[in-house]
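Report on the structure given below.
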Amino acid sequence: MYPSDDASELRLLRPGTGPLTMAQDFWELIKPEITFQVVLAALAGFILGSTVDFELLLLALTLSGTALSSAGGAVLNHYFERHNDALMRRTAQRPLPSGRIRPNVALAFGIVLMSGGLFLLWWVNLITLILAALTILLYLFAYTPLKRRTTYNTLIGTIPGALPALGGYTAVTGMVGLGGWILFGVFALWQIPHFLALAWMYRKDYARGGHAMLPTRNPEASATSHRILTYSILMGLVSVLPWFLGYTGWLYLGVIIPAGLGFIWPAFGFCQKQTSTQARRVLLTSIAYVPVLVIALIVDRLIA
């Protein structure tokens, strides 16, 4: 049973825990892995829209504001999903469903982080601020509730997941341009194989939590594997567009083509054999792809 939200029945710290444990719990609330990916997406957009001599202060404001707003959204997501998290094995021991942190404390923490991030982005420019706010709104009030209603939640969730890349681009250019939309497309397409692989690995757990993920609603494994392969190929093709349209040089192309093929290969393997091992390979490859893309953009820009 999920612990009551009544403050009288919960404590900020469970007996026998200390400040270090509490710090670890608050760190878990910000979903550091997702927040890191969001910051990388913003960095990719910033670099693509920059010249070699980009402003370090502007970069710091953009990444700090993006990180804080993303972290705040993650905490609020924990708050809204605490009851459903209690039903799943992989999430039942999170700080809120386990009762280690009170819901009202998490709510306040999330609002403070989100507000701080949006305040920093206000100093960047209005467009970037609006995109960050839209990201949080879509994440919390579109994607989150739709996870229990339709298998299209993953597709809809790509929008808030890819907006930070566009936000990074607008931060340095001051406008929504073609380069930003290209990176938006890359990160939107990237999310489909990433999250479908995760959903396949934990499909039984997602079913217990009432999540309408494709692997839990569609018993045919091919439905998931074919989508993973299709979107992996599309992502690889769109990733080449920055070079094709003159935004990057040959070094970027020399890195992104083998990286894309390396992404597609495990997706093809998952089509051949739908196992958790193959799905994990897709997931791990997807995690590695984003840093490779960002590094390729940075090095290409520095030597251009």
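The values are calculated or read from the model by the stated rules, or taken from the named source; none is laboratory data. The model shown is predicted, which means the values in this text are computed figures rather than measured ones. Virtual Cβ from ideal backbone geometry, glycine too; neighbours counted across all protein chains shown. Areas reflect the complete protein model, heavy atoms only, side chains present, ligands, DNA and RNA absent. Shrake-Rupley method; radii C 1.70, N 1.55, O 1.52, S 1.80 Å.
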Where THR275 falls short, out of the listed (1) of a type in the set (S, T, N, Q); (2) farther than 30 Å from GLY49 by Cα; (3) surrounded by 18 or more Cβ atoms within 10 Å (Cβ to Cβ): (3)
Count, please, the residues in the range 215-232 that happen to be within 30 Å of TRP181 (Cα to Cα), open to solvent by 20 Å² or more (accessible area, probe 1.4 Å) and touching a Phe, Trp or Tyr at 6+ places or on another chain (Cβ under 9 Å). 2
Pick from LEU178, LEU251, LEU198: which is in contact with an Asp or Glu (Cβ under 6 Å, 6 or more places away or on another chain), open to solvent by 20 Å² or more (accessible area, probe 1.4 Å) and among the hydrophobic types (A, V, I, L, M, F, W, C)? LEU251
Would you confirm whether or not the range 181-201 contains a residue that is out of contact with any Leu (no Cβ under 7 Å at 6 or more places or on another chain), within 24 Å of LEU118 (Cα to Cα) and either hydroxyl-bearing (Ser, Thr, Tyr) or modelled with pLDDT under 95 (or both)? no
Could you say whether any residue in the range 62-73 is over 20 Å from the mean Cα position of the chain (by Cα) and either closer than 27 Å to TYR202 by Cα or not hydrophobic (A, V, I, L, M, F, W, C) (or both)? no
Out of the residues in the range 165-175 meeting the condition of being open to solvent by 40 Å² or more (accessible area, probe 1.4 Å) and assigned to a helix (DSSP H, G or I), tell me which one is nearest to GLN37 (Cα to Cα). VAL172
Could you list all residues from the range 78-134 that are farther than 24 Å from LEU63 by Cβ and open to solvent by 70 Å² or more (accessible area, probe 1.4 Å)? PHE80, HIS83, LEU87, ARG89, ARG90, GLN93, ASN104
Failed condition for LEU261, given (1) over 24 Å from VAL38 (Cα atoms); (2) open to solvent by 70 Å² or more (accessible area, probe 1.4 Å); (3) not charged (D, E, K, R): (1)
Taking only pairs six or more apart or across chains, which ones have beta-carbon atoms under 8 Å, a first residue in the range 38-57 that is under 14 Å from ALA162 (Cα atoms), and a second residue that is of a type in the set (Phe, Trp, Tyr) and part of a helix (DSSP H, G or I)? ALA41/PHE187; ALA44/PHE187; GLY45/TYR169; PHE46/TYR169
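Conditions (1) within 14 Å of the chain's Cα centre (by Cα); (2) closer than 23 Å to SER276 by Cα; (3) of a type in the set (Phe, Trp, Tyr), marked per residue:
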residue: ALA188; (1), (2), (3): yes, no, no
residue: ASP205; (1), (2), (3): no, yes, no
residue: HIS211; (1), (2), (3): no, yes, no
residue: SER222; (1), (2), (3): no, yes, no
residue: LEU229; (1), (2), (3): no, yes, no
residue: LEU237; (1), (2), (3): no, no, no
residue: VAL240; (1), (2), (3): no, no, no
Does SER239 satisfy being touching a helix residue (DSSP H, G or I) at 6+ places or on another chain (Cβ under 8 Å), within 28 Å of TYR139 (Cα to Cα), open to solvent by less than 20 Å² (accessible area, probe 1.4 Å) and not aliphatic (A, V, I, L, M)? yes
